[in-house]
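Notes to accompany the following structure.
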There are 2 protein chains.
Amino acid sequence: MPDIKHFDPDEALERAERLFWRHGAATTSIQAVAAETGLNRSSLYATFGGKRQLHLAALRRYVRLRSVPACAALADDTRGLPAVRDFFAGLIEARCEGEYARWGCMLVNAYAGEEGADPEVRAVLDEHHRRLRDAFRTALETARDRGRLAAGVTPADGAEVLVLLAYGVNVRSRAGAGAGELHRTVAAALAGLAPEAPAD
Amino acid sequence: MPDIKHFDPDEALERAERLFWRHGAATTSIQAVAAETGLNRSSLYATFGGKRQLHLAALRRYVRLRSVPACAALADDTRGLPAVRDFFAGLIEARCEGEYARWGCMLVNAYAGEEGADPEVRAVLDEHHRRLRDAFRTALETARDRGRLAAGVTPADGAEVLVLLAYGVNVRSRAGAGAGELHRTVAAALAGLAPEAPAD
DNA sequence: CGTATCTTGGAACGGCCGTTTCAGGATGAG
DNA sequence: CTCATCCTGAAACGGCCGTTCCAAGATACG
């Protein structure tokens with residue numbers, strides 16, 4: 001039997017993910033990934049195939065471990081608007097404090113970069129957009145069914161608005177917007193979704 | 001007397017602006033700008049000083065000729081919410097149709113790229129953010145003074161929400177979102193700003 | 001026309017890019 | 001232990017990067 005890998009591919013991928021997330025695909029070199037992981041370039045090429053595939057794998061890891069769980073938590077939260085409120089609270093926290101502060105969202109960053117032209121990247125971005133929108137819609141449908149959604153708002157349209165709002169939060173947080181400012185802004189936006197006289 | 005420039009610097013800057021806008025700073029080379037303008041690299045360096053300064057100059061040109069006029073039109077429009085509605089209509093049109101379709105906003109693109117780490121770039125972005133927010137606030141104050149703003153909304157908070165919404169539109173349009181979808185979403189968001197029973 | 005001054009074209013710089021190649025070392029089945 | 005198999009490290013590839021340098025050309029004053 002052959003030799004076996006001397007490192008954990010997923011741990012290396014996580015390091016690559018962070019570099020791509022923080023600095024973007026264009027300005028992250030294979031050299032930099034090799035330095036960060038402690039691996040030789042040959043091992044990276046043997047494992048992932050090249051920069052394009054490595055970036056895609058990192059993007060998909062980000063979706064799998066960060067975007068999907070957050071959307072699932074939102075979709076599974078049966079409280080209606082409070083679920084939306086907590087989703088944004090967690091988003092702002094993650095974007096403004098801790099290890100990933102001011103990194104923005106890796107997917108939104110990719111939207112704005114040249115890498116968005118790649119069809120496979122675009123597919124990942126579109127899939128994420130749908131997932132987040134559907135999670136918002138589920139939460140808004142719950143709110144509506146309980147009479148806790150403002151009269152003029154449909155869950156479908158409201159969900160699209162909330163996705164754009166989330167994109168805006170991701171953009172602004174990368175430029176250093178404070179958590180307090182973002183919390184306040186999101187609260188104002190969500191206030192428009194609740195009925196004038198909240199039932200609780 | 002010396003020789004005189006054999007080209008129009010602002011025309012060259014506009015070509016550079018378009019390249020940076022569409023492809024981003026990291027993936028636009030001086031070579032590419034030279035090819036696009038028909039100029040030699042020496043002329044570019046003699047006129048603009050280097051890639052960093054060229055990119056900054058292009059960014060500032062974008063602000064001066066595109067962002068500032070749009071914000072001024074919004075701030076000078078005394079109709080209140082209809083001014084906001086028309087601002088978004090023009091934005092979506094520019095982002096989805098015509099020459100610059102699917103280029104997004106050069107400033108929002110810069111937010112997401114590595115170039116956002118540059119303090120001078122950040123200053124341009126912050127200035128633009130304030131300008132757009134203040135224009136929105138002016139429009140919302142007008143609406144409020146005429147009783148055409150929903151009860152729970154303050155102009156200051158509403159303006160911040162609208163800026164995030166605009167950022168979201170810019171992000172999504174770059175990924176190919178349709179004008180119809182964006183118009184619909186923006187309309188839903190703006191509906192939340194108007195009083196339940198519109199006065200007109 | 002001569003000349004001082006600036007622009008221009010083109011070559012050249014070192015350096016990093018993504019990628020490939022290959023010898024040598026590690027592995028585990030037989 | 002043998003050996004086929006795969007992995008690793010290091011060197012090398014051509015190519016493009018941003019930038020600098022310099023000779024040749026264009027210009028407008030005297």
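The values are calculated or read from the model by the stated rules, or taken from the named source; none is laboratory data. A quick note: this is a predicted structure, and the numbers were derived from the prediction, not measured. We place every Cβ from the backbone using ideal geometry, glycine too, and count neighbours over all the protein chains shown. Protein only, heavy atoms only, side chains kept; ligands, DNA and RNA dropped before computing areas. Shrake-Rupley method; radii C 1.70, N 1.55, O 1.52, S 1.80 Å.
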Inter-copy spacing of B:R146 label points, which lie 7 Å from Cα along Cα→Cβ, given in nm from shortest upward: 3.8
Suppose every Lys and Arg Cβ carries +1 and every Asp and Glu Cβ carries -1, with no other charges. What dipole size does chain B come out with about its Cα centre, to the nearest 20 debye? 240
Kirkwood Rh in Å, taken over all unlike Cα pairs in the stretch B:1-146: 16.7
Derived scalar couplings ³J(HN,Hα) [the stretch B:16-26; Karplus, 6.51 cos²θ - 1.76 cosθ + 1.60; whole Hz; x for Gly, Pro]: 4, 3, 5, 5, 5, 4, 6, 9, x, 6, 5
May I ask you to evaluate 6.51 cos²θ - 1.76 cosθ + 1.60, the Karplus curve with θ = phi - 60°, for each residue of the stretch B:135-148 and list the ³J(HN,Hα) values in order in whole Hz, giving x for glycine and proline? 5, 4, 4, 4, 5, 6, 5, 4, 4, 4, 4, 9, x, 10
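Report the gain in length on full extension from B:R122 to B:E99: 0.36 nm times residue separation, minus Cα-Cα distance, nm rounded to one decimal.
Full-extension gain reported as 5.6 nm.
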At 1.4 Å probe radius, can you tell me the per residue accessible area of the stretch B:58-191 in Å²? 38
With each pseudo-label sitting 7 Å past Cα toward Cβ, what's the A:Q53-A:R146 distance in nm, one decimal? 4.8
Taking the highest mean first, how do the peptides B:92-101, B:157-166, B:138-147 order by number of other beta carbon atoms within 10 angstrom per residue? B:157-166, B:138-147, B:92-101
For A:G104, what residues show an amide H to amide H distance below 5 Å, using hydrogens built from the backbone and excluding near sequence neighbours? A:R174
Using only protein heavy atoms and a 1.4 angstrom probe, determine the accessible area buried between B and A, summed over both sides, in Å² to the nearest 100. 3100
Shortest first, in nm, what separates the label point of B:A123 from those of the same position in the other copies (7 Å along Cα→Cβ)? 4.5
Once the Cβ-Cβ distance between B:A89 and B:D10 is put in as r, and R0 is 41 Å, what FRET efficiency do you end up with, to the nearest 0.05? 0.90
Distance between the stretch A:141-165 and the stretch B:84-133 - C-alpha centres, whole angstrom: 27
How far apart are the B:T47 label points across copies, placing each 7 Å from Cα toward Cβ, in nm, shortest first? 4.7
In the stretch B:132-159, accessible area falls by at least 50 Å² from chain alone to full assembly (1.4 Å probe) for B:D157
Cross-link candidates for B:K5: which lysines have Cα within less than 22 Å, leaving aside residues fewer than 8 places away along the same chain? B:K51
Percent of alpha carbon pairs in the stretch A:82-200 separated by more than 21 Å? 42
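Hey, what did the stretch B:95-200 get for relative contact order, percent, Cα under 8 Å, at least 6 apart?
38
If you take all C-alpha pairs in the protein assembly as shown, what percent of them are over 42 Å apart?
16
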Give me a comma-separated list of calculated 3J(HN,Hα) values for the stretch B:155-164, in order, Karplus coefficients 6.51, -1.76, 1.60 applied at θ = phi - 60°, integers in Hz, x for any Gly or Pro. x, 5, 5, x, 5, 5, 4, 5, 5, 4
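Heavy atoms only, probe 1.4 Å: what % of the accessible area of chain A goes to carbon and sulfur, would you let me know?
Values: 4640 of 9050 Å².
Ligands and nucleic acids excluded, carbon and sulfur reach 51 percent.
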